[in-house]
Amino acid sequence: MESEKMKKYFKIASKGFFAIFAYLILNSIQTLPFELFKVNMDIVPIYIKILYSLIYEILIACVLILIYNKQIVSNFKDLKKNHKKYFSKNIKYWLIGLMIMYISNFIIIYGFKNGMGDNEEAVRSLFSISPIYIYISAVIIAPITEELIFRQSIKNIFQNKYLFIIMTGILFGFAHIGFSVSSLSDLLYIIPYGALGSMFGII
């Protein structure tokens, strides 16, 4: 009985690890076609870069959807049937997450004179160049990708619900500050992003 449970866990967890691995590999080779053909990225027009980024983000989302296609179909059927119940039950967690995010951001920016997070600055900078791209990327594609990586995949690996909520928050927070940590105070941005990530985990 115990061995059956372990087999089932390893099967589910391996899918989570595979999805995360595929996501990381695909992200790391995004510029590979340009490098193979020795294309100087500095002279590539901005609209070509944006179009390529958009297509690549859609490709990553499609790969993750293929990995979890059965669960997605099952979850959509469940959501269609119970969406009112889920909405009324979970809207408070989303609002709590947003509130913690805004308050902690305010404290970090004005209390520590930190300025905006690099992730936020990058999004705003891109929005001024191509608002349509940012809308499609940040409002449609990123939520699909993030839910499949930071919720579904992490939940596959950490099946204890409390450990999952903690881990999804921490990893979501780290992912959003990326490699832009230039001082210890930059790590504080894990709090707003991590709080929202944990609330999404609860939901």
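The values are calculated or read from the model by the stated rules, or taken from the named source; none is laboratory data. Values in this document were obtained by computation on a predicted structure and should not be read as measured data. Cβ placement follows ideal geometry from the backbone for every residue including glycine, while neighbour counts extend to all protein chains displayed. Areas reflect the complete protein model, heavy atoms only, side chains present, ligands, DNA and RNA absent. Shrake-Rupley method; radii C 1.70, N 1.55, O 1.52, S 1.80 Å.
Quick notes
- Charge context of GLY201, other residues only, Cβ under 11 angstrom, K/R +1, D/E -1: +2
- 19 Å Cα-Cα threshold exceeded, pairs from LYS8/LYS155; LYS77/LYS161; LYS7/LYS155; LYS15/LYS155: LYS77/LYS161
- In this structure, PHE17 and LYS38 have a Cβ-Cβ separation that, at R0 = 30 Å, corresponds to a calculated FRET efficiency of about 0.30.
- Computed FRET value (nearest 0.05) for ILE109 with LYS5, which takes r as the C-beta separation and R₀ as 35 Å: 0.15
- Candidate lysines for bridging to LYS84, where Cα separation is under 22 Å - those fewer than 8 sequence places away on the same chain excluded: LYS92
- The 1.4 Å probe gives accessible areas that order MET6, MET199, largest first, as MET6, MET199.
- Take the chain and mark each of the trypsin sites (Lys or Arg not before Pro) that is in a DSSP loop with at most 11 other Cβ atoms within 10 Å; the longest unmarked stretch, sites excluded, is 114-203.
- For the chain: rounded, prolate or oblate by the Cα gyration tensor [a/c cutoff 1.5]: oblate
- VAL44 - accessible surface, heavy atoms, 1.4 Å probe, Å² rounded to 10: 20
- Point-charge dipole on Cβ atoms (K/R +1, D/E -1) for the chain, about Cα centre, debye to 20: 1160
- With all protein chains kept in place, the per residue accessible area of the chain amounts to 68 square angstrom at a probe of 1.4 angstrom.
- Within the accessible area of the chain (1.4 Å probe), percent carbon and sulfur: 71
- Surface accessible to a 1.4 Å probe, ASP42 within the full protein complex, Å²: 130
- Across the protein chains, with a 1.4 Å probe defining accessible surface, the residues ILE165, ILE65, ILE107, ILE154 rank ILE107, ILE65, ILE165, ILE154 from largest area downward.
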